[in-house]
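Some notes on the structure that comes next.
The values are calculated or read from the model by the stated rules, or taken from the named source; none is laboratory data. Just so we're clear, the structure is a prediction, and the values are computed from it rather than from any experiment. Heads up, the Cβs are rebuilt from the backbone with ideal geometry, glycines too, and the neighbour counts pull from every protein chain shown. The protein model used for the area step is the full one, side chains on, heavy atoms only, and it has no ligands, DNA or RNA in it. Shrake-Rupley method; radii C 1.70, N 1.55, O 1.52, S 1.80 Å.
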Amino acid sequence: MANEEIPKKYDWKESENKWKEYWEKEGVYKFDPKANGDMYAIDTPPPTVSGKMHIGHAFSYSQQDFMVRFNRMKGKNIFYPFGTDDNGLATERLIEKMKKVKSTRMERKDFVKLCLETLDEIRPQYIADWKHLGISCDFSIFYTTINEHCQRISQKSFIELYKMGREYQKEAPTMWCPECRTAIAQVELQDQETPSTFNHIIFKLDDGKELIIATTRPELLPACVSIFAHPDDKRYKKLFGKNARVPIFGHEVPIMASQKADPEKGTGILMCCTFGDQDDIEHYKEFNLPLKIAITKDGRMSEIAGKYKDMPIKDARKAIIEDLKNEGLLLKQEQIKHTVNVHERCGTEIEILETKQWFIKYLDLKDEFKRIGREMNWHPPHMRHRYDNWIDGLRWDWCISRQRHFGVPFPVWYCKKCGEVAVADESQLPVDPLADKPKKACAKCKSNDFEPEKDVLDTWATSSLTPQLATELFKNNPVYKKIYPMSLRPQAHDIITFWLFNTVVKNYLHYKSRPWNDIAISGWALDPHGKKMSKSKGNVVEPQAVWQKYPVDALRFWAGGSKLGDDMPYQEKDLVTGVKTITKLWNAARFAFMHLGDYDPVKHADIDLEAYDKALISKLNRMVKSCTESFENYEYSKTKMETEKFFWQDLCDYYLEVSKDRLYNPDKRGENARRSAQHALYRAILTTVKLLAPIMPYITEEIYHTFFKKHEKKKSIHLSGWPSYDENLADENAEILGKIADFTVEHVRRAKSEQNISLKEPVKRVVVEAKISEEDFEKIKEDIKGVTHAEEIVFEAIKPESKKDMECTIDI
């Protein structure tokens, strides 16, 4: 491009559309299974199709893309698929909201059909946001967690684990969400601090004496089956073996001893209801207690609640407390705050109900899961503690069945005659037991009459297979063996216990191996005040609105300012800084191109470099080494910070100004001096642009194509090769001279500024003192003279033993 054709201003909107189309048309990010080079395979997080991209997506996906782009420029063969997670409760809720329907009021096949059709409508626009963000996936390597490919893999996983004896179905206490009306797994719980009331309730003994029990859940009184106290609690020892009468409801329950009763909590005695918490479950099993269910699946009181039947839980609680007061059975109340478990999807307090569910048995493998965790490289390392702590706290096997319409069906039927479980033949997969039949008769009684399983698999039972969902797209290709275990799992810290742990579980059970080599954990994007964003608070920032106002590169620039694992507030000033950097990059490159029209990096390779140019190149070379090491350790923010500093200070503040005299006045200093400046300028701008390319892909591509492509010959800067360190370019002496020159220039500028004199005005005399020889000073003298416009420059050597390193005196 001729100099006169280079626009003065960078048009980021035009550039983004242009390069987005170019990258796709030219297949810049397309995976080549036949390519040489080390494989770098990414287990890309499939975003949930539940609306549109949010700022947290933009934050974390940008960070993973920095690392992928770096490795691509390093020459690795990049396997970077893209999928969408669209078989979960969030998607079901989205469809209900969009189409104004309720899944429970529709035939399952009709609701599933509506979901699939709606997803096909909204998915392209949803994915378009990731493309616009500059995520460099190969979008042709695509899956959705509900398509036939993924259903086949998920159902095959179920069948394999069932045959291993790792899956079982059982009528057992299960965590249940009354709002979503489905069983949930431990990983789907959130702790939520909430105000509550300790109600001190009077139970009557057979002899008429009273026993005081404190509870926050009096609505569970109809499900009370026993009372426990600690065996060493002297207050209650004499009561063991006796009965107490449950207030309001009148049934008698035994008083028993249990180590789990805490003498210091409440009155030291607790009631066991089926079920209020994990302790109730353990008491129920240990003491073979009867089962009394007081709460229904839709969160109302059951028949055993008597007159409170069909009341919502909280209404029943108020009514029972009022009746206890009226009957003189409520001794006192204490206002407290305590932590309750809520469903992470809807925020509803969970109940524990006796239901028939499918489980994966894995509590016996905790040590193995922790061993696998130690085999992987965690970035940052401390995030492994969250993983280990989660494993240590596991108390339930993994409940994988969900009572929903939309999801991956269980490949299961039940024999109507004998109840035997029949699983699908792998040749049938994917299968829908509601529409399909087993291939064989019942293995036990030979009947052909079957009842289909109506539940669907937990979405995490499928999402935990993302390494397989992506890699099995290449199952019949020789490259298949090279892309697993995968190189990287990037994800946010809030789903370590969800996605990361469950993926380790599935991969260990199926392959006895780790799924990835490296794990990169990103933090959260917070609001400007450091608070979590939520629609209810009205503090949500939408990236779509941001990139209407600012370049995408500026948004990615903001994301690049945070280290892995750190939460970061969204600050608009950071985007403004990003815009300034983009503008400065364009202006610096444009200045360079004005002076590089007759420069050929091959033809003019053997240039006798000026000392000041050697100093810049040596410093640049040292920075390349440091930035490469940072990126290889997933510390992209260090690369960003170091490159910014070099660009703004060393290159723009000093070098561009110092080199102008040689570039504009070749007759004054000679042709070699100009060529030397051109060489340094070409190398410095190109290297800076390459170092920033993973973070700011659009502006760097624009600059590359404007000038460098014709010399570098690669069709994209993102395929042009990462800069390499060359120990032959290290020149400590030149860097010392460059430092003295910059020191002098800075002092002259300051002196002129203090006198309100234009920087272009001459100064009479500049005296430079430094710990170098006069011979060395002569190598930078003309550059100093050219930029300071000094009429006379005097050098005085400082003795080596002096505490003073350099000094500058200016006579205006």
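Please verify whether K625 is within 30 Å of N377 (Cβ to Cβ) and touching a Cys at 6+ places or on another chain (Cβ under 9 Å), treating the condition exactly as stated.
It is false that K625 is within 30 Å of N377 (Cβ to Cβ) and touching a Cys at 6+ places or on another chain (Cβ under 9 Å).
Among the residues of the stretch 150-199, which ones are among the β-branched types (V, I, T), part of a helix (DSSP H, G or I) and within 15 Å of N502 (Cβ to Cβ)? Reasoning before the result, please.
Taking the stretch 150-199 as the starting set, the residues that turn out to be among the β-branched types (V, I, T) are 153, 159, 174, 182, 184, 187, 194, 197.
Cutting the leftovers down to part of a helix (DSSP H, G or I) gives us 153, 159, 187.
Matches in the stretch 150-199: I153, V187.
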Checklist entry - So which residues in the stretch 720-752 are among the polar types (S, T, N, Q) and crowded, with 18+ Cβ neighbours inside 10 Å, if there are any at all? => result S720, T744
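Tally the residues that are of a type in the set (V, I, T) and either in a loop (DSSP other than H, G, I, E, B) or without any contact (Cβ under 8 Å) to a residue 12 or more places away in the chain (or both), restricting the search to the stretch 3-56.
Initial filter on the stretch 3-56 (of a type in the set (V, I, T)): 6, 28, 42, 44, 48-49, 55.
Those left that are additionally either in a loop (DSSP other than H, G, I, E, B) or without any contact (Cβ under 8 Å) to a residue 12 or more places away in the chain (or both): 6, 28, 44, 49.
Total meeting the criteria: 4.
Being of a type outside the set (A, V, I, L, M, F, W, C) and part of a helix (DSSP H, G or I) narrows it down to one residue among K265, K238, K260; which is it?
K238
Taking the criterion of being more than 30 Å from W12 (Cα to Cα), crowded, with 20+ Cβ neighbours inside 10 Å and charged (D, E, K, R), would at least one residue in the stretch 78-88 satisfy it?
Within the stretch 78-88, one or more residues are more than 30 Å from W12 (Cα to Cα), crowded, with 20+ Cβ neighbours inside 10 Å and charged (D, E, K, R).
Go through the stretch 558-580 and give me each residue that's over 17 Å from the mean Cα position of the chain (by Cα) and surrounded by 22 or more Cβ atoms within 10 Å (Cβ to Cβ).
So the first thing to find is which residues in the stretch 558-580 are over 17 Å from the mean Cα position of the chain (by Cα), and the list is 571-580.
G578, the sole residue that qualifies.
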Item to check | Hits in the stretch 405-436 - residues which are hydrophobic (A, V, I, L, M, F, W, C), free of Cβ contacts under 8 Å to residues at least 40 places away in the same chain and open to solvent by less than 10 Å² (accessible area, probe 1.4 Å) | outcome: C415
Next on the checklist: Condition first: of a type outside the set (D, E), touching a His at 6+ places or on another chain (Cβ under 8 Å) and part of a helix (DSSP H, G or I). Can you find one or more residues in the stretch 500-514 that meet it?
Outcome noted: no
Item to check | Pairs where the first residue, in the stretch 492-521, is open to solvent by less than 20 Å² (accessible area, probe 1.4 Å) and among the basic types (K, R) and the second is modelled with pLDDT of 95 or more and outside any helix (DSSP H, G or I), C-beta under 7 Å, 6+ apart | outcome: K506/S464; K506/L465
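Rundown of residues vs (1) touching a residue at least 40 places away in the same chain (Cβ under 8 Å); (2) surrounded by 12 or more Cβ atoms within 10 Å (Cβ to Cβ); (3) more than 30 Å from D598 (Cα to Cα); (4) among the polar types (S, T, N, Q), yes/no style:
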site	(1), (2), (3), (4)
Y704	no, yes, no, no
F707	yes, yes, no, no
K713	no, no, no, no
H718	yes, yes, no, no
E754	no, no, yes, no
T788	yes, yes, no, yes
E796	no, yes, yes, no
T809	yes, yes, yes, yes
Checklist entry - Out of the residues in the stretch 299-320 that are of a type in the set (D, E) and in a helix (DSSP H, G or I), which is most open to solvent (accessible area, probe 1.4 Å)? => result E303
Checklist outcome for this item: Among strands (runs of 3 or more DSSP E) entirely within the stretch 340-419, at least 1 residues that are of a type in the set (A, V, I, L, M), out of contact with any helix residue (DSSP H, G or I) (no Cβ under 6 Å at 6 or more places or on another chain) and modelled with pLDDT under 95 occur in 351-360
Next on the checklist: Going by what's in this entry, would E642 be described as open to solvent by 10 Å² or more (accessible area, probe 1.4 Å), assigned to a helix (DSSP H, G or I) and under 28 Å from D783 (Cα atoms)?
Outcome noted: yes
